[in-house]
Structures are given as C-alpha cells and as structure tokens.
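Student: The structure is given below, and queries will be raised subsequently.
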Amino acid sequence: MATAILLPPATPHDYHRIVSPNLSIPVDPKISIPVGILACQRDPLLKSLDTTVVSATIVQPPPVEKKKPAKKAVAAPSLPAEPLLHVQLHDTIIFPEGGGQPTDVGTLTLKADGSVWEVLQAKRHGGHAVHYVRVKGDADAAWRAFATGADVTVSLGNEGWERRYDNMSMHTSQHLLSALLETRLDVLTLSWSLTTYPSPCYVEVPRGLSVEEIASIQSEANRLVFEGRRVHVEVEELDPTQPRGNEVAKTESGRAIGKALPDDYTGGVKRVIVIDGVDRNPCCGTHLPSIHNLQLFLLPHTETLSRSSTTNARLYFLAGPRLITYLTSTHNVVSQASSLMSCGAPLLPERVVQVVDERKKAEKRVGELEGELAEYISKTLLADAASQASSGTSSIVHYHRTDDSSNPLGFLSCFHPAHTSSFFHLRPQRKHRSSINTVLVVGGDDKVVKQAGDALKGKLGVKGGGKGPRWSGKFIGVWKAAREGTAIAEIIGDIQNPPE
Ligand SMILES: [Zn+2]
C-alpha cells in the first residue's frame, strides 16, 4: 500500500538565484547582510531563523509633532512614545518595509536567557534592515542584553506570518496583474498600493478599463494561476549607473514612472522577480515561490481619479486571504439585507427598487394628506378666532398636535390663518429629555408675532427667531400640558389683555 506524505510547503532550492559570479551572501556574523539578499528575500516561507546581533542602540522617541500625519496607504504598526532599541542582525526574516510592501512584525528571542522581545517595525536604513524593538524594563540593561555577537532567534510568530502571507499574496498578485495589463492591453502601471488588510489593493493606470478588458485580464491571470506558474528571484551586484528615484521621469503626483532604486539605498544588490514566462520585474519585496494559490479577483470597474488634468484610474484587486475575507463579508451583507427584505439574494435589487418606489409614493401621499389636514385645521381655527372676535377680545388661537413628522415646519407652513395670530405646536410621539417640539407663530400682525416669539423665548426657553408674519423655534424636552401648555395660555392672555 502506498502512503502519501504531505509536507508543509517549502521554498524550492532554486528560488533564489545569484546570477553574478561576484556576489555572495556574507557569512561573517559581524557583518549585517544587506537588504536585497536577506533571509526573508531568499526564502519567503521561512518563519524563524537563528542569527546574531551586529549592533544595537537605544533611540529616544522623536518629539510629538502636532501637525496632521501624512496620509499613508498602509498603516504601519504604531510606535510607542518611549525609547526603542534599534537592532541590526547578521541576517533576518523580518522584512523591512520597501517596494510598496509594508514592514513585518515579529519577535527576537535571546538565546542567553530565553527572553522574548517584540519587533514593532523593521526599516531599511541605507542598505541595512533595522529592527525597532520594544524595550522591556531598564533601557541600559536591554541594550547590554543585545551585545554584539549575542545569539538570537528571529521569528515571525503567528500574527507576523499571517500578515506577511497576506502581504506576499497581494504583492505577487500585483506583479502578475501589472504584467498582464502591460503585455495584453499596453496599459502601464503608474503606481500601486498595498492597502491595509482587508481592503482591496489597487494599481493606478493611465486610463479607465472596460468591463470586458477587466474580465479578460482576470481570466488570463487565473489561467496562469491554475497552471501554477513558478516564481523565482535573480540577484546580482548593483550597476552603479542605474538611475535613482530622483533621476527618472515622474508623474504630476510625484510618483516615479518605471522602476528606479530608492535614493538612499546603499545595499549594492539588484534584484529581479521572475514569474515564469510572464514577467521580470525589479523589486525588493518578498514573493511567493509560485502563483498557484493566488486566485485573482478584479473589481469589475475602474475608479476614475478626480485630479482634473489626468485620466488616471484605479483598478482594485483581491487575492489570497483577503479574497476569502471579502467574499465572507460580502456574503454576510447580502444575506442580512435579503433577510430584512424577505427575499432570496438574487431578487434583492428588484426588491430594493420596489421598496424605494413604494416609499416615494407614500411620501407623496403623506404630503397631500398633510395639506388637506392643514386646510381643515385652518378652517376650525378661523372659526374659533371669529367667535373670539365676536366676544370682543383680539383673536389669538393655539393649536397643539402630537405628530412624528420628519419635516414639521413643512407641515406647519401649510397653514394660512390670514389676519389671525396663531400658535402652533407639534409634539413628537416619544417623549424624552431630548425630544424636539416644533413651535410656529404666524399672524396678520407682525408686532403681535414678534411679541409672541419673544415671550416664548423668555418664558419657555424656546430657541428660535423670525421675521414679519412668521416666527419659528424649537423646544427641547418633554412638553407638559400643565406646564408648557399653561405658559402658552398665559402668553396668549398677556397679549390679549396686556398687564397694566
Ligand atoms: Zn514589487
């Protein structure tokens, strides 16, 4: 009986190829291996590595800047406002940010005492990776623990590996996508962004793409994914004549077109990522040894950028863990919505159109009914006012109504009690401390309206104002007939029979 043994995936031995006879990986443990040929770049699946400390320094946190932080596509793990240890190792599997790929996070374990130290970020300083390590306890003691030559194990840990696997999935997918856009559609990638998980990443291209173009690139990419095209890296020493970032053409937004080395890179290594038969691209990032697991999903439309002078557009894409997260969250949104609408997911758009349509009709009907109601109430008020006038007092009436109208003033504006001064008050159904009661005073005599408005402000704390025949305001809180209602009656009484 044959037994199949499944081994965890490992990076093939020919993944990392030194293509120059003059370049070799430094073996002297006192030397820090330059960025470009770090262990994480030679073997992207390595999760842990034994190595030694080359140097360590205590660095005080920079003074806190008040100004707004620059908008960055990727949120790097934040650094605490306390001293940090900057540690250079002989070699590392914690990738320092670069090439559009963000920093890894991980841990350093000191062999001498087994103590574990958190690596918050790694950055490239010139040509070398520097680990930003959180200081535990006394800073000097921490610094002494990281003496030159000390043995350490550098690890990604679960969190660091998941983060890296996601970054690699998106980065290698971007190479595949950009290569196909260029070779199939002659569309160059101007820039790309490895956004913070789990948002879709995007490439910026000089023009928008049609749904058909996007679909054709997606199916071509997934055909290559199905074939499981291999990826490998070729490195050689740097040609000193290669242009730097500040020497190549730039777009209006200041982004470099094409590939150039960062201005401050001093590592001396040139690195090309090769997807078999598809692409060769200079890059310092960590890349998966194969695209076999990178099912690529392109959002089926491009987003035009609002910069007036360009036609640049963004094409968003997903692959690997992000694609699964995206599918899960999209599925949840759709099932919640279809359960609310009591219909199957495919009927959702139709059902939403129906509900929106019904709401519009209902709103129109409410508007018409409010108009009719206002007319009816106005007639009643005019009759009241007429009977007041016949008994000799000046006619002022108060109308009070409980109503949850979303546009109370709109409703109240339907009243036209010409020649009569009227108080209107709308109270919401639910009464609590922050309930908004709407008050409107209208009338034929501007002076009386102003007098009434002033009294509402003074006696009831109504916030509002008005001009001419109309005064409106808001009363916040619970309106009680015995309290606010009585106050209104007093105000009306004072206007009708001014106190001596
Ligand atoms: Zn790259």
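Student: Lys447 to Met341: FRET efficiency via 1/(1 + (r/R0)^6), r the Cβ-Cβ distance, R0 45 Å, to the nearest 0.05?
Tutor: 0.25
Student: His398: net charge of surrounding residues, Cβ under 12 Å, Lys/Arg +1, Asp/Glu -1, itself excluded?
Tutor: -2
Student: I would also like to ask the following. Put +1 on the Cβ of every Lys and Arg and -1 on every Asp and Glu Cβ in the chain; which of Pro80, Ser472, Asn22 then has its Cα farthest towards the positive end of the dipole?
Tutor: Result: Ser472, furthest along the dipole toward the positive end.
Student: Would you mind counting up the charge near Val235? Only other residues with Cβ under 10 Å from its Cβ, with Lys and Arg at +1 and Asp and Glu at -1. Before the final figure, lay out the partial values.
Tutor: Details: positive: Arg17, Arg42, Lys270, Arg271; negative: Glu234, Glu236, Glu237.
With Lys, Arg at +1 and Asp, Glu at -1, the neighbours total +1.
Student: Extending each Cα 7 Å along its Cβ direction at His86 and Thr325, get the distance between those two points in nm, one decimal.
Tutor: Computed distance between label sites His86 and Thr325 equals 3.1 nm.
Student: About the Cα centre of segment 394-496, how large is the charge dipole given +1 on each Lys and Arg Cβ and -1 on each Asp and Glu Cβ? Please answer in debye to the nearest 20.
Tutor: Computed charge dipole of segment 394-496: roughly 420 debye.
Student: Ala386 to Ile476: extension gain in nm, 0.36 nm per residue of separation minus the Cα-Cα distance?
Tutor: 29.1 nm
Student: Let me ask another. Would you kindly state how much longer the chain becomes between Arg351 and His400 on full extension, computed as 0.36 nm times their sequence separation minus their alpha carbon distance, in nm to one decimal?
Tutor: 13.7 nm
Student: Angle check, please: helix 348-390 long axis (alpha carbons) against the longest principal axis of the chain (alpha carbons), in degrees 0 to 90, nearest 10.
Tutor: Once rounded, the angle reads 20 degrees.
Student: Over the chain, what is the percentage of antiparallel beta bridges among all DSSP beta bridges, to the nearest 5?
Tutor: Roughly 85 percent of the DSSP beta bridges within the chain come out antiparallel.
Student: Another question, then. Can you give the FRET efficiency to the nearest 0.05 for Asp113 and Thr266, using r as the Cβ-Cβ distance and R₀ = 30 Å?
Tutor: 0.30
Student: Helix 486-496 versus the longest principal axis of the chain: what is the Cα-based angle in degrees, 0 to 90, to the nearest 10?
Tutor: 50
Student: Please compute the net charge surrounding Ile18, taking Lys and Arg as +1 and Asp and Glu as -1 over other residues with Cβ under 10 Å from its Cβ.
Tutor: Result for the neighbourhood of Ile18: -1.
Student: Tell me which of Ser342, His331, Tyr316 sits at the most positive position along the dipole axis of the chain, charges placed on C-beta atoms (Lys, Arg +1; Asp, Glu -1).
Tutor: Towards the positive end, the residue furthest out is Ser342.
Student: If you don't mind, there's one more thing I want to ask. Tell me the angle of helix 320-340 to the major Cα principal axis of the chain, expressed in degrees between 0 and 90 and rounded to the nearest ten.
Tutor: With both axes taken from Cα atoms, the answer is about 20 degrees.
Student: Follow-up. Taking the Cα centre as origin and putting +1 on Lys and Arg beta-carbons and -1 on Asp and Glu beta-carbons, what dipole magnitude results for the chain, to the nearest 20 debye? Let's see the in-between values first.
Tutor: Working: 54 positive and 53 negative charges, 262 e Å.
For the chain, the charge dipole is close to 1260 debye.
Student: Filter Lys360/Lys447; Lys364/Lys450; Lys47/Lys270; Lys136/Lys270; Lys447/Lys474; Lys431/Lys459 down to the pairs with a C-alpha to C-alpha distance above 31 Å, please.
Tutor: Correct reply: Lys360/Lys447; Lys364/Lys450; Lys136/Lys270.
Student: Given 0.36 nm per residue, what is the gain on full extension from Ser20 to Phe226 after removing their alpha carbon distance, in nm?
Tutor: So the chain would gain 70.9 nm between Ser20 and Phe226.
Student: If R₀ is 51 angstrom, what is the calculated FRET efficiency for the pair Ala147 and Glu182, using the beta carbon separation as r and rounding to 0.05?
Tutor: It comes out at approximately 0.55.
Any read-out appearing in this document is the output of simple, stated calculations on the displayed coordinates, not a laboratory observation. In this text the structure is predicted, and so the values were computed from the model without any measurement. Please note: Cβ atoms are built from the backbone with ideal geometry, for glycine as well, and neighbour counts cover all protein chains shown.
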